[in-house]
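One structure is given here, and the rest of the page talks about it.
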Amino acid sequence: MGFDRRRYRTVCISDVHLGFRGCSAEYLLSFLRSTECEYLYLVGDIIDIWSMKKRPFWPQAHNDVVRTILGKAKYGTKVIFVPGNHDELLRDYDGMAFGNISIADKAVHERADGRRFLVLHGDQFDAVVRSSKALALIGSAMYEWLLRANRLTNYVRRKLGFPYWSLSAFLKHKVKNATRYISNFERAVAYEASRLGVDGVICGHIHRAEISTIGDVLYCNCGDWVESCTALVEHPDGAFEVLHWSDTVASHKYLETAAAA
């Protein structure tokens, strides 16, 4: 039993981190193969060049993700790549197109209802990334260690029959300083959208999927494909939704098991 084909007007994904061992490429591949859309926004950190410089890693699943995105672009999906800090080398190609994929440092997406949304990765508003590249790299290394612990935790949970759970996301949301950092980031990004006179913002970077209203701005974060496996999708009527694909896969496996019983 396969997934039903899902049709959206727009799909936005960020923080995939292809080339990083913590990337959930198999989940993303199943999502991409199960969806169709008019617009596909790649909202930064799609390729983790930082990680690949330290330790090259590129399994077949990562290659398959790239090929699937290229296939969508070839057959009519408008693909816009908005680079992040982990793939910032691509910012040098702002305004250019490669293989039917447009590259833009920032973009403006017009929703079906006419509302306009600034699309950017968001690292421009991260004080750590802007002030100290070395400190950001240290933070990235610590995050990688935490994700290793997360994989071990979930290996044990699977053996015990429990669903996926993100240790790193749990700790990030419980630590006071992390919570303050997220709140400051969200307000800064929303302020930029308000300053530019658009109705909302679509971003990534902090690996926390969310749709919320900050002042007069609709703040939308795509989440990531390392911890939470989430995407921001736009329905034909213009409504946004955060889609939790790991939950969809877990439910699908449950239904398969129940059908076989």
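The values are calculated or read from the model by the stated rules, or taken from the named source; none is laboratory data. Because the structure is predicted, anything quoted here is derived from the model rather than measured. Counting neighbours? That spans all protein chains shown, and the Cβs are built from the backbone with ideal geometry, glycine included.
Some points to look at:
- Filter result (loosely packed, with under 15 Cβ neighbours inside 10 Å and farther than 24 Å from Asp126 by Cβ) within the stretch 71-94: Gly71, Lys74, Tyr75, Gly76
- Counted residues, the stretch 200-243 - those being touching a strand residue (DSSP E or B) at 6+ places or on another chain (Cβ under 8 Å), of a type in the set (D, E, K, R) and more than 19 Å from Leu28 (Cβ to Cβ): 1
- Criterion: modelled with pLDDT of 95 or more and in a helix (DSSP H, G or I) - qualifying residue of Ala193, Ala259: Ala193
- Considering only residues in the stretch 1-28 that are assigned to a strand (DSSP E or B) and surrounded by fewer than 21 Cβ atoms within 10 Å (Cβ to Cβ), the one that is modelled with the lowest pLDDT turns out to be Arg6.
- Candidate set from the stretch 80-130 (those that are charged (D, E, K, R) and assigned to a loop (DSSP other than H, G, I, E, B)); member that is nearest to Asp45 (Cα to Cα): Asp87
- Screening Ser51, Ser14, Ser34 for residues that are of a type in the set (Ser, Thr, Tyr) and farther than 21 Å from Val242 by Cβ leaves exactly one candidate, Ser51.
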